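Readers should treat all values here as calculations from the given coordinates under stated rules, not as data from a laboratory. Predicted model only: the values in this text are computed from it and were never measured. FYI the Cβ positions are ideal-geometry reconstructions off the backbone, even for glycines, and counts take in every protein chain you see.
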């Protein structure tokens, strides 16, 4: 048996395993951000009441792997009650926030799972946002929406 060729196979197998692990780790769910990170990363921080929530299911723009992958996209219309960070959003105005969650993953794959909290009409929440176009925003993943006044 040739020791050099066995060593080469072993090294190749180890490299392939490490690449697989790194790829799997890169596709894992997104860890929640700390309060300090939410404040640091957000372009806008607003508190408001939810006026309307609509949703639609569409082909995923997040998951690019082969298979059938759909996400539910939520359009959340908010009446702004307070702005604690950012310019351009005014108290009393209404803004649209786009949030998402996976709807279908065939085959099931690890990866981002969207936004943890999706508020309902009438809910009050703090939104940690980044701009998505001129009049739309998206919350930071995964915990950029904090519902206010919920009882445990």
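Take the Cβ-Cβ distance between residue 51 and residue 113 as r, set R0 to 30 Å, and report the resulting FRET efficiency rounded to the nearest 0.05.
With R0 = 30 Å, the Cβ-Cβ based efficiency is 0.70.
At 7 Å along the Cα-to-beta-carbon direction for both residue 136 and residue 61, put a label point, then send me their distance in nm to one decimal.
In this crude label model, residue 136 to residue 61 measures out at 0.6 nm.
What ranking do 89, 53 get, fewest neighbouring Cβ atoms within 10 angstrom at the top?
The order, fewest Cβ neighbours first, is 53, 89.
Say each of residue 103 and residue 40 gets a label point 7 Å from the Cα, pointing the same way as Cα to Cβ; how far apart are those two points in nm?
Taking the simple label geometry, residue 103 and residue 40 are separated by 3.6 nm.
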